[in-house]
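Read through the structure below, which is laid out as structure tokens, and then see the notes.
Bear in mind that the values in this text are calculations on the coordinates, not laboratory data. As the structure is a computational prediction, the values presented were derived from the model and not from experiment. Counting neighbours? That spans all protein chains shown, and the Cβs are built from the backbone with ideal geometry, glycine included.
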């Protein structure tokens, strides 16, 4: 059973969001890192780039595949986790902590409210597993 | 059957050629100088000459070099050693006859810049191959220039772009959406992007076909330049709605490009041109038995309709007054896509393959390829999950779903297959199937070898239940066991330097 912290918001594309005011910190969930396998490269956007909700803002390359990562909320990238360039493995080791990917200044912080709660995400994962 | 792990003996490893260097050892002896000696400065100014006495370049004898590379060549797995069931790769046998024909001096030594009247044999060969590929695909316009599959793809979508630009002028800018199914090869969206298109992904239905409702929805959004479709798809299923799909794209004003990666399921039986496809690429190094992998080189011809023919790359081989010439005057052409005329040696081999088979033989090869894949599907569907119901074509897709419950995943099954003497199947592709194993036996294997493969897979399924660690830690019979692929990708060591610790004890 994968780890799903209660205090975060989740998307059906398996990203998590930690919302503080109008800023959201974003990464991929424990379930996602487990499904991807060993992460070997993380491609992140530049600071200052703007994205619409559901846009792909980067990609995660594992030994199995390259997968796009999507932002569930619109906004501007204000910070990226540059440590992932040299240590992509922390996405596997600590997906909700040091494995964070970007911080986004949200255009509309209400957008995050519509995302899944921990409980809803857990239910969603179960339905995916059939 | 059980295979006991053999403990690695250090002398089995091979030191790098750099580590074999012995100062002063050489592999040649120059004859005595019989002309007057010229000072080195007169031949090459000092600033361009190395002064470090070739520091770091291995000093080895001829026999050192021969033995080093020959030993390593025996570590390799090749199509000449056994079944190579890589799905969507069509690793079929490369006949010795092809090689013999390709070594005919007139073909082998012919210079690409030789004048046309001295090149009639080579040009005729290219023309005949064009004609044969046109007949096989039902698409009369052919270029042999592209050097590989992805190159053929890009040529195909560049042709689509050129057609739309010519047809619609400025309005063509509003037509930039290329539809690509979610089961496509990753090169498809890449080719579309390079040709200036925006990619929209079409979903597959749970039973493995293109989702028609989603297709119509996307067509309804407008701006459709075309569709890139692999048929049979990468899940090994023939797209039964192909006519309807082509009609939908044409009605939306777009053109249909077909990825010919899986043509080994169709040659001699069904023609893309008859299905409504506008342009296709073929992989001669898959379907037409020229060498695949290890640098090939490949050859990825494009075939298209009469309407698209003027846009094909230049030059093109044409027949005129009983002879052959290269036609350069093609004003609508997308231009040249390859130096000279493509990988000519591959064209010789492919034509040899086509002519030795004939039309009946080509059809029989296709039938055997499909029959072989169905044989494997039939005997393995109880042991491994087969995610799609539909009859498989030339390749079958299985998943690790049953084995994953025991902690054994696709990668482990592939690695364990090495212990049984087979090359692993394609793993984790296509992405729409979790833990995908894509198996393509091709027509090159007989029933005994198919049975051996089925037995190996069944045995692995049994090991998964009885002794999962045996599979998880495979391979056991190779010189080097399971490699750490994650670290190799995260922290690759790409250069040797003299202060590095030796990777192996010298043999």
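Brief remarks follow.
- A straight line joining the Cα centroids of the range B:373-414 and the range B:149-173 runs 39 Å.
- Zero-based 5 Å bins, Cα pair distances in the range B:394-507, whole percents: 2, 10, 17, 20, 17, 13, 8, 7, 4, 1, 0
- Dimensions of the range B:97-356 from C-alpha coordinates, computed as largest minus smallest value along each principal axis and given longest first, are 56, 40, 30 Å.
- Treating each Cα of chain B as an identical point scatterer and summing with the Debye formula, the log10 of I(q)/I(0) at q = 0.07, 0.08, 0.10 Å⁻¹ comes to -0.49, -0.63, -0.92.
- Residues B:44, B:91, B:228 in ascending order of nearby Cβ atoms (within 10 Å, fewest first): B:44, B:91, B:228.
- Note on chain A: Cα-Cα pairs beyond 25 Å make up 17% of the total pair count.
- In this label model, residue A:34 and residue B:491 are separated by 2.7 nm, measuring between points 7 Å along each Cα→Cβ vector.
- Principal semi-axes of the equivalent ellipsoid, √(5λ) from the alpha carbon gyration tensor of the range B:70-212, are 35, 27, 14 Å from largest down.
- Residues B:378, B:185, sorted so that the one with the fewest Cβ neighbours within 10 Å comes first: B:378, B:185
- Projected over all directions and averaged, the alpha-carbon convex hull of the range B:15-130 occupies 14.9 nm².
- Modelled spin labels at residue B:274 and residue B:53, positioned 7 Å past Cα toward Cβ, are 7.3 nm from each other.
- The ranking of B:438, B:411 by Cβ neighbour count inside 10 Å, starting from the fewest, reads B:411, B:438.
- Reduced Cα scattering model of the range B:243-346, Debye log10 I(q)/I(0), q = 0.17, 0.18, 0.22, 0.25 Å⁻¹: -0.98, -1.06, -1.26, -1.32
- Per residue of chain B, the DSSP helices (runs of n ≥ 4 H) give a summed -39500 (n - 2.57) that works out to -10500 deg cm²/dmol at 222 nm.
- Highest average packing first - B:241-248, B:428-435, B:332-339, Cβ atoms within 10 Å: B:428-435, B:241-248, B:332-339
- Highest-MSF residue in chain A out of A:25, A:71, A:87 [GNM, Cα springs under 10 Å]: A:87
- Where a label projected 7 Å from the Cα of residue A:66 along Cα→Cβ would reach, residues of the range B:163-188 with amide N under 20 Å: B:178-188
- The calculated Kirkwood hydrodynamic radius for the range B:249-301 is 12.2 Å, given to one decimal from all distinct C-alpha pairs.
- Note on the range B:137-221: Cα-Cα pairs beyond 16 Å make up 61% of the total pair count.
- Reduced Cα scattering model of the protein assembly as shown, Debye log10 I(q)/I(0), q = 0.05, 0.10, 0.12 Å⁻¹: -0.29, -1.12, -1.41
- Put a dot 7 Å past the Cα of residue B:379, heading toward its Cβ, do the same for residue B:62, and the two dots end up 4.8 nm apart.
- Of the beta bridges in chain B, as assigned by DSSP with both residues counted there, near 55 percent are antiparallel.
- Over the Cα atoms of the range B:95-143, the radius of gyration divided by the Kirkwood radius equals 1.05; this is the Rg/Rh ratio.
- The range B:287-367, Cα convex hull volume normalised per residue, Å³: 142 Å³
- Gain on full stretching of the segment that runs from residue B:96 to residue B:363 - 0.36 nm per residue minus C-alpha separation: 94.0 nm
- Label zone at residue B:401 (point 7 Å along Cα-to-Cβ), backbone N below 11 Å, the range B:226-256: none
- With coordinates expressed along the principal axes, the C-alpha atoms belonging to the range B:315-468 extend over 71, 33, 30 Å, beginning with the largest.
- Rounded to the nearest 500, the 222 nm mean residue ellipticity of chain A from helices alone is -4500 deg cm²/dmol, with -39,500 (n - 2.57) taken per DSSP H run of at least 4 residues.
- FRET efficiency, 1/(1 + (r/R0)^6) with R0 41 Å, evaluated for residue B:103 and residue B:29 via beta carbons: 0.80
- Backbone N under 16 Å from the residue A:54 label point (7 Å along Cα→Cβ), restricted to the range A:115-130: A:115-116
- Result for chain A in a Gaussian network model with C-alpha springs under 10 Å: among A:95, A:45, A:72, the largest mean-square fluctuation is at A:45.
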